[in-house]
1. Pull up the stretch 167-202, narrow it to residues that are surrounded by 23 or more Cβ atoms within 10 Å (Cβ to Cβ) and outside any strand (DSSP E or B), then point me to the one that is farthest from the chain's Cα centre (by Cα).
2. Residues in the stretch 563-571: is at least one touching a residue at least 24 places away in the same chain (Cβ under 8 Å), under 25 Å from the mean Cα position of the chain (by Cα) and part of a helix (DSSP H, G or I)?
3. Can you name the residue in the stretch 447-505 that is hydroxyl-bearing (Ser, Thr, Tyr) and assigned to a loop (DSSP other than H, G, I, E, B) and, of all such residues, is nearest to Val242 (Cα to Cα)?
4. For the stretch 545-562, enumerate the residues that are part of a loop (DSSP other than H, G, I, E, B), surrounded by 14 or more Cβ atoms within 10 Å (Cβ to Cβ) and in contact with a Leu (Cβ under 8 Å, 6 or more places away or on another chain).
5. If you take the residues in the stretch 203-235 that are in contact with a Phe, Trp or Tyr (Cβ under 6 Å, 6 or more places away or on another chain) and either free of Cβ contacts under 8 Å to residues at least 40 places away in the same chain or not in a loop (DSSP other than H, G, I, E, B) (or both), which one is surrounded by the most Cβ atoms within 10 Å (Cβ to Cβ)?
6. Does the stretch 390-398 contain any residue that is aromatic (Phe, Trp, Tyr) and over 22 Å from Arg318 (Cβ atoms)?
7. Between a residue in the stretch 98-121 that is among the basic types (Lys, Arg) and any residue that is outside any loop (DSSP other than H, G, I, E, B) and modelled with pLDDT under 95, which pairs come within a Cβ distance under 7 Å, given they are 6 or more apart or on different chains?
8. Answer yes or no: is there a residue in the stretch 386-394 that is over 19 Å from Leu299 (Cβ atoms) and either part of a loop (DSSP other than H, G, I, E, B) or assigned by TED's automatic domain parsing to the domain that holds Val247 (or both).
Amino acid sequence: MLSATRVAQAGPASQWLPVASFSVPVTAPVANAAFAPSDDALPAPPFLAVIDIDQALMVTQPALATPIVQDRDARLFPAIRLTLQTLDGRLVPRERGSIVSEQGSVKTHSYWSVIAESGRVWREAADSGWSRAALPINLVNDTENAALQGLLTFLYRGTQVSSVRIQLVQQTAPYLVKPHFTAAALAAAHATVVAASPDDEHQATLEWSKRLPVQPLSALAARVPAGTLDGLGGPLLPMWRVAVAVVDHDTLWQAPVETPFGPYPYPEGMRFGVRSVMKSVAAPLALLHLAEQYGPWVLDLKIGDYVSGLDPKYRDVRMIDAASMATGFGGQGTLRTNPNDMYDGYLGGDYDAWYVAPSHAEKLAQIRRTLTPYPWAPGKVVRYRDQDFYLLGIAIDGFLKQVRGDANADLWTMLAREVFVPIGIFHAPAVHTREPDGHGHVWANAGYYPTLDDLAKIALLYQHRGDWGGHALLHRGLVEDLLGAKGALEKTGDATRPSGATGPIPRYRMGFHFLPYAAPLTGRGYEVPSMQGSGENEVILAPNGLIAIRTAKAAGLPEGTPLFDDDTVATLRVLDRLEAFHP
């Protein structure tokens, strides 16, 4: 695993944030090195307390154009409560991996919630008897899938704590809150003694033991001929990339995560807004898992049989049709299908009104208002619609309740218990609808906040054909069909009229985009499965078993902003070259 001390080499934290700086107003972020121990840091005494952090106004750079969203202020760091304890020099939140919402009575609510992950504690000689604590934090929200990756630090002496320094230094999937920004804040805090939790200590140790081995990408580069990794992360320009990694031999080879304030010291604690990458995760994994349990026929179940209040045509829409963006609904854009534009009319029909609608009933009302039938049958034409995957998630929930006789069964809980935990993913924070009873539906179209380790394991599960440690979690035959693009629909065609195309072409099925690629040395053509999300987040599953991961922030930018270079298959070529020099 990449440690904080190996990426924070800019000197002791006390040089950047001396003790006095915890009691003066914050004007801007400082070097990220202030939030991690340097090589000469001293061991710190244990810390175990509930820490209450007050709401604080963040200084943003630049100023936010639309800071108020749904009557909540994106400039405010939320008032939160964390239970923190030390374990082997780490600072471990009991709430790690969970979305911690704002608590208490505040005049104006923050737009954000917080996901905290494990950090470090240490001492420095210049700190007059204080010890330092720091951890990675991620600001997220329940209205979209944006994430701000940041850092939090405070001083402690016994259970006495200083104010908390906070900075946000990177982001993924920005949408409603613009422009791209960094931020810093100083928040008042106080600590309360709490009892130790041996069970949580055991759980934390178990979670660390199940992480994939992590090595620097530079170490992989050193094992292969010079230039082998050139182009990894492309064609997206480097300025818009956040994290880049390769998975090989079940090892995560990761590049340093650069920010405007230096390398991010806890890359394993970053959670990313990956937007439509969720389309390759929630519904496909659920359907493939259910197919393993009950049979492949689950793909042919009808959406309209499990979601009430829809147009009658949904009685003919199979789950596999919805998972392939081929419901025959949309009602926006043109009727031209050969050639077809899969994004024709995508954001039409007041898309944002549907996207920000908080409850299922409100989202359904927007779907009824704006998504009317196309004249073609389901399963024939790909038209990209987030609503297809949202409804698919609701339908899977309905089927689960029926087949298991459990009124509380739902897609995301099933995946967490029956798929994620077995592959070593113990936390899966995601956006849900906001319901009066507090039990929302997970968005199957977006809203997931994974780590790189999470994305790597999900991709490996697909690459292993649904098998993990000798246990069949997904239907092997269906996974093989999926990765081989069997039954995938042409993005530019109509399945009722053959296009006459030969060789690999762009296709789509079950949340996966299939990328045409011809290997330079052999000339062999491939259709390479890829998970993709707005902002240019991407996970590529190469036929040779290798995986490339890129999280990015190329969303919410001014029209005409350069995003790509001309080498459209740069990352695919890297994975191809790596196979020839398999370390």
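1. Val177
2. There is at least one residue in the stretch 563-571 that is touching a residue at least 24 places away in the same chain (Cβ under 8 Å), under 25 Å from the mean Cα position of the chain (by Cα) and part of a helix (DSSP H, G or I).
3. Thr451
4. Listed by number, the residues that qualify are Leu546, Ala554, Leu557.
5. Leu220
6. no
7. Going by the 7 Å Cβ cut-off, the qualifying pairs are Arg120/Ala4.
8. no
The values are calculated or read from the model by the stated rules, or taken from the named source; none is laboratory data. This structure is a prediction, so every number in the text was calculated from the model and none was measured. Virtual Cβ from ideal backbone geometry, glycine too; neighbours counted across all protein chains shown.
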